Amino acid sequence: MSSKIQTFKTDDGSVTLFDPTLNAHYRSTHGASTESTHVFVNGTRLPQRTSSWTVLELGLGGGMNLLQTLKTHKEQSTSGQLRYHTVDWNPVTAKHIRELAYETQGFEESHIALLMSLLEKAHNTPDASSVEIVSEDGSQHITLHIGAWEDIDVTALQADAVYHDPFGPKVNPESWSTPCFTWSFNAIAPHGILATYSAASHVRIAMVQAGYHIASTDGPGKKREITLASPDPDTLQGYKQLSRERYLAKGQAQDT
Ligand SMILES: C[S@@+](CC[C@H](N)C(=O)[O-])C[C@H]1O[C@@H](n2cnc3c(N)ncnc32)[C@H](O)[C@@H]1O
């Protein structure tokens, strides 16, 4: 991990991290917290689920999605357990989270402490392929899988929500490919929803090639559109459904 990672204040006042070596922000500069809530937590419709929540995230990064999910889960008095599985091949340090949390309002200290303990465990156990942490009341279980997504077996998860959140295709091309979406397709529950900030055509092609049905909705702030996907088209009702056949044909045209 680059030790040069810095904090960056985004347009909604929340803070994200910036890696100058990759020239990549961990969340949108137009509003880190807004993007997290709109795209990932609400996009996957987790708050509408009254039973337990299982989340698979590609890219723990600065932990904004995790903190927003812990907060929303705690506020939902009817919800059962939260099982949050996140994958990252280059976890940041607890020190970076402390700096980020120091500048961001609105997160519970106990949630920040959970995220920091998770990262401390990861950095203090160099050979571990995963580390886990559980909240004091036992209702929130977080597992960080350390490694490249293709090396992590998540097939048994039955995730209600997939947060597809690597850096953009220029920095992480392998994470926007058909094999990557096949990896999450094998982990998602039949009525689960994948959400991502990308609306790129090649990303949507990779999703349908992996087996997903796809839809779009308005993006946060100035962003026009984001993409949602599910194994079941009915689960995407209420979003603008996109033609699976059209994107499959586009993919075929690309390959010839
Ligand atoms: C955009 S940041 C994630 C932001 C984070 N979800 C948040 O809310 O702050 C992308 C993260 O994905 C991780 N990543 C990218 N490609 C990966 C891969 N192929 N396997 C595992 N982790 C990957 C990076 O190390 C980075 O931490």
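The values are calculated or read from the model by the stated rules, or taken from the named source; none is laboratory data. This one's a predicted model, so the numbers in the text were calculated from it and none came from an experiment. Glycine gets a Cβ as well: all are built from the backbone with ideal geometry, and neighbour counts include every protein chain shown. Accessible surface areas use protein heavy atoms only, side chains included; no ligands, DNA or RNA. Shrake-Rupley method; radii C 1.70, N 1.55, O 1.52, S 1.80 Å.
How high is the relative contact order of the chain, in percent, with contacts defined as C-alpha pairs under 8 Å that are six or more residues apart?
17 percent
Just the Cα atoms of the chain, one point each, no solvent: what log10 I(q)/I(0) does Debye give at q = 0.09, 0.11, 0.16 Å⁻¹?
Scattering profile of the chain, log10 relative to I(0): -0.36, -0.55, -1.23.
Please compare each pair in K74/K95; K4/K223; K4/K170 to a cut-off of 23 Å on the Cα-Cα distance and tell me which ones are over it.
Violating the 23 Å Cα-Cα cut-off are K74/K95; K4/K223.
So what is the accessible area of the stretch 32-255 per residue, in Å², with the probe set to 1.4 Å?
43 Å²
Top mean-square fluctuation among L46, L144, L242, Gaussian network model of the chain, C-alpha springs under 10 Å?
Highest fluctuation of the listed residues: L242.
Given Cα pairs under 8 Å that are at least 6 residues apart, what percent is the relative contact order of the stretch 177-229?
After rounding, I find 41 percent.
Would you list T72, T256 from the most to the least accessible area, probe 1.4 Å?
T256, T72
Between beta-carbons, use under 13 Å as the cut-off and find the net charge around Q105, counting Lys and Arg +1, Asp and Glu -1.
Result for the local shell: -2.
What does the helix-only formula give at 222 nm for the chain: each DSSP H stretch with n ≥ 4 adding -39500 (n - 2.57), the total divided by the residues, and the result rounded to the nearest 500 deg cm²/dmol?
Helix-only estimate at 222 nm: -8500 deg cm²/dmol.
Go through the stretch 146-158 residue by residue and turn each phi into a ³J(HN,Hα) via Karplus (6.51, -1.76, 1.60, θ = phi - 60°); whole Hz please, and just put x for glycine and proline.
Calculated HN-Hα couplings, in order: 9, x, 6, 4, 5, 9, 10, 8, 10, 4, 7, 5, 6 Hz.
Please determine, in degrees from 0 to 90 and to the nearest 10, the orientation of helix 109-124 with respect to the longest principal axis defined by the Cα atoms of the chain, where the helix direction is its Cα long axis.
90 degrees
Using the alpha-carbon atoms, what tilt in degrees (0 to 90, nearest 10) does helix 94-103 show relative to the longest principal axis of the chain?
Approximately 90 degrees, to the nearest 10.
Helix 64-75: angle to the longest alpha-carbon principal axis of the chain, degrees 0 to 90, nearest 10?
Roughly 80 degrees, rounded to the nearest 10.
Could you look at the chain and say what percent of its accessible area is carbon and sulfur, using a 1.4 Å probe and all protein chains?
Here carbon and sulfur together make up 49 percent of the probe-accessible area.
Looking only at the chain, where both bridge partners belong to it, what percent of the DSSP beta bridges are antiparallel (to the nearest 5)?
Beta bridges within the chain, antiparallel portion: roughly 50 percent.
Could you sort 191-198, 97-104, 212-219 so that the peptide with the highest average Cβ count within 10 Å comes first and the rest follow in order?
Averaged packing, sorted descending, gives the order 191-198, 212-219, 97-104.
Which of rounded, prolate, oblate describes the stretch 192-256, given a ≥ b ≥ c as roots of the alpha-carbon gyration tensor eigenvalues and a/c under 1.5 marking rounded, otherwise prolate only if a/b is larger than b/c?
Oblate.
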